[in-house]
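The values are calculated or read from the model by the stated rules, or taken from the named source; none is laboratory data. The structure presented is a predicted model; accordingly, all values stated were derived computationally and were not measured. Here the Cβ positions follow ideal geometry from the backbone for every residue, glycine too, while neighbour counts run over all protein chains shown. To get the accessible areas, we keep the full protein, side chains included, count just its heavy atoms, and leave off ligands, DNA and RNA. Shrake-Rupley method; radii C 1.70, N 1.55, O 1.52, S 1.80 Å.
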Amino acid sequence: MTCTEFLQLLDDLIDDAVSTTLRSEVEQHLQKCGHCEVVFNTTRKTIEIYRCHEIYELPADLRERLHTAIMDRCRRSC
Amino acid sequence: MSTIQSIAGQNEQHPDVALVERVKAGDVSAYDELVRKYERQIFRIAQHITQNREDAEDVMQDAFLKAYEKLDQFQGNAKFYTWLVRIAVNESLMRLRKRRTGKMVSIDEDLKTEEGSVPRDFADWAPNPEQNYNQSELAGILRKTIQGLPHGFRVVFALRDVEGLSTEETAETLGLSVPAVKSRLLRARLQLRERLSRYFKRKTAPTAQHGAPSGIDGALAQPKGN
Ligand SMILES: [Zn+2]
């Protein structure tokens, strides 16, 4: 397996959508190729960090205000 | 997020179906429940696309109102949430267009960049690198980094990886093909990784430990994941 082939599989690897045979080929490549190993681990980490940290927080008071406004508008519309 | 990737099988009804039926029958309180359930996600998606707090507030309100008014057109076999997200994405793109008056905004814009299609930075990251920053520093880094993506990549990443929609749902929501979503997702992921590397890579040549226990010990003591 080449680095380019690995890169093409990256998304499927992250989503765990790779067959067992292909997976072992990937593991063989990763054992020899430190660059791809780093890319694999840090890309996974990137996704995890974005998933676990709220970057656009909706503060409770604003949430309540918007919620009330939405429901008021819905009630008026019918 | 777990609400989206429902474990429920095909023949088990998604709880939203009953709520939608109640709304259609005139029960506004059922809509109140749906709004409460999804308002944070919709706000987040609107922020991701518009990059503007006021616009996101407007989009959130308009999207829920529009969904309410058009609920008759909602087909029960689609998921309410993805249908709602599609409305919110369209509203967000309209806002973006208004801001850049006269300029067409589509999700196909600005995608010619080659950046990120090939990784360049191979430095390994520190273990749990996000813990080297406090909450607001980290949020600032993550915002700044994702804001630098072309919005056609940003929205795919936001829906697929942050909100947890499937590739097919993301494609349907954005009116893109599955291969187009896949290629954008890979580029988005790689670009973000590349840019975050600047903040998260392991500091080379660690200086002598002057009895600072927070470093290595602290890192090792961290529980996996959070
Ligand atoms: Zn490689």
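Being over 19 Å from B:Val162 (Cβ atoms), more than 16 Å from the ligand (Cβ to nearest atom) and free of Cβ contacts under 8 Å to residues at least 60 places away in the same chain holds for only one residue in A:Cys52, A:Cys3, A:Cys74, and it is A:Cys74.
Only one entry of B:Leu142, B:Leu149 meets the criterion of being at pLDDT 95 or above and either outside the structural domain of B:Ile42 (by TED's automatic domain parsing) or open to solvent by 10 Å² or more (accessible area, probe 1.4 Å) (or both), and that entry is B:Leu142. For segment A:34-52, taking the residues that are surrounded by fewer than 16 Cβ atoms within 10 Å (Cβ to Cβ) and under 16 Å from B:Leu138 (Cα atoms), the one that is farthest from the other protein chains (Cβ to nearest Cβ) is identified as A:Glu48. Could we say that A:Arg65 is open to solvent by 80 Å² or more (accessible area, probe 1.4 Å) and not hydrophobic (A, V, I, L, M, F, W, C) here? The answer is yes for A:Arg65. Tell me yes or no: at least one residue of segment A:32-43 is under 30 Å from B:Tyr68 (Cα atoms), in a helix (DSSP H, G or I) and either more than 16 Å from the ligand (Cβ to nearest atom) or not small (Gly, Ala, Ser) (or both). The answer is no, given that none of the residues of segment A:32-43 is under 30 Å from B:Tyr68 (Cα atoms), in a helix (DSSP H, G or I) and either more than 16 Å from the ligand (Cβ to nearest atom) or not small (Gly, Ala, Ser) (or both). Between B:Asp62, B:Asp16, B:Asp32, the distinction of being away from chain A (no Cβ under 11 Å) and of a type outside the set (A, V, I, L, M) belongs to B:Asp16 only.
All told, A:Val26 meets the bar of being on the phi < 0 side of the Ramachandran plot, more than 9 Å from chain B (Cβ to nearest Cβ) and open to solvent by less than 40 Å² (accessible area, probe 1.4 Å). Scanning segment B:152-177 for residues that are surrounded by 20 or more Cβ atoms within 10 Å (Cβ to Cβ) and of a type in the set (Asp, Glu) yields a count of 3.
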